[in-house]
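Notes follow the structure.
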Amino acid sequence: MTDTSNQGPILVFLGPTLRLAEAEAVLDAIYLQPAAQGDILLAAHAFHPRAMVLIDGQFEDRPAVRHKEILWAMAQGIVMIGAASMGALRAAELDAFGMIGVGLIYRWYRRWRLAPDDAVAVHSGPAELGFPPLTDSLVDLQRTLSSLMRRDLIGAAERDLLTTIARKTNFRERSLDAVLRAAGWRGDQAKKLRSEIVGQKKRDALLALHRAPALALQCPEARGPADWVATNTFIRDLEAGGIDSNLANTYKLNL
């Protein structure tokens, strides 16, 4: 296994969770679009990174990033870090195998293994505009409603009602304004609370970017899986996505 901990760039898969300009102000890295199936494999071959930070991922138009390719990356000596959105999900699922999770949302998913995946999902604009978020994530809304209750801006019963509405709302339509309207709040009341929203996903993403350089120095041999085997399902998934499955076996030869 090749030790890449002290060579190569840091890659970041980023979308609606954090604006690119804000991310670049924190970490000098190569920023890529939200990861989907095969993107980690392709990015590894293109950039030979020492670490990857998975924040956002795709899951509607393309299959979501596979657990198996994250394990593949770690087997090549690449430090894998996850936070905030799809990254928090995958890190909670793979932390026992060496993926590093950062932030409150990661810890929440790690503790509550059956928590809904769509709690971090948002509907976003196109890539050409930088994937601007068009809705609010459930996890941000839950943090916001709890904050409002602690500050006596809403009562406990109101918090519970609004949380229930938010959970029942499809992520493509979920927003603080929509939830408040569904609960009977007037438009002017909802507008006043809009500035109070807690962006927990953004906070976790920034934390991961701040910590990435130090985490990238961790010895991948001590964390990643010792052996990695390409399963038939993994190979079929790559080929179905138009990706050369031989890339899974030739990475070390191309270093």
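If you filter segment 104-156 down to residues that are polar (S, T, N, Q) and under 22 Å from Ala23 (Cβ atoms), you find that the one that is surrounded by the fewest Cβ atoms within 10 Å (Cβ to Cβ) is Ser124. I'd like the full set of residues that are more than 15 Å from Val12 (Cβ to Cβ) and of a type outside the set (A, V, I, L, M, F, W, C), limited to segment 39-57. Selection gives His45, His48. I need the full set of residues from segment 91-106 which are among the aliphatic types (A, V, I, L, M) and under 24 Å from Trp228 (Cα atoms), in order please. Residues satisfying the conditions are Ala91, Ala92, Leu94, Ala96, Met99, Ile100.
Taking the criterion of being surrounded by fewer than 17 Cβ atoms within 10 Å (Cβ to Cβ), farther than 29 Å from Leu20 by Cβ and not basic (Lys, Arg), the residues of segment 175-218 that qualify are Ala182, Ala183, Gly184, Gly187, Asp188, Gln189. Residue-level check: of (1) within 20 Å of Ala230 (Cα to Cα); (2) surrounded by fewer than 17 Cβ atoms within 10 Å (Cβ to Cβ), Ala75 misses just (2). Within segment 17-39, can one find any residue that is within 20 Å of Gln7 (Cα to Cα), surrounded by fewer than 24 Cβ atoms within 10 Å (Cβ to Cβ), of a type in the set (A, V, I, L, M, F, W, C) and at pLDDT below 95? Within segment 17-39, not a single residue is within 20 Å of Gln7 (Cα to Cα), surrounded by fewer than 24 Cβ atoms within 10 Å (Cβ to Cβ), of a type in the set (A, V, I, L, M, F, W, C) and at pLDDT below 95. Take segment 32-60 and flag every residue that is in a strand (DSSP E or B) and either outside the structural domain of Leu207 (by TED's automatic domain parsing) or more than 15 Å from Ala83 (Cβ to Cβ) (or both). The answer is Leu32, Ala36.
Taking the criterion of being surrounded by fewer than 23 Cβ atoms within 10 Å (Cβ to Cβ) and either touching a Phe, Trp or Tyr at 6+ places or on another chain (Cβ under 9 Å) or in contact (Cβ under 8 Å) with a residue 60 or more places away in the chain (or both), the residues of segment 45-68 that qualify are His45, His48, Arg50, Phe59, Arg62, Pro63, Arg66, His67, Lys68. Of the helices (runs of 4 or more DSSP H) entirely within segment 104-187, those holding at least 2 residues that are within 24 Å of Gln58 (Cβ to Cβ) and at pLDDT 90 or above occupy 104-111, 138-150, 156-168.
Here is the figure for segment 13-64: residues that are closer than 18 Å to His123 by Cα and charged (D, E, K, R) total 5.
Looking at the structure I just gave you, is Ala84 closer than 24 Å to Ala240 by Cα, buried (at least 17 other Cβ atoms within 10 Å of the Cβ) and either touching a Gly at 6+ places or on another chain (Cβ under 6 Å) or assigned by TED's automatic domain parsing to the domain that holds Leu209 (or both)? Taking the combined requirement at face value, the residue does not satisfy it. Consider segment 188-209 and keep the residues that are of a type in the set (Asp, Glu) and in a helix (DSSP H, G or I). The one that is farthest from the chain's Cα centre (by Cα) is Asp188.
The values are calculated or read from the model by the stated rules, or taken from the named source; none is laboratory data. Since we're looking at a predicted model, the values are computed, not measured. Ideal geometry is used to build each Cβ from the backbone, glycine not excepted, and the neighbour counts take in all protein chains shown.
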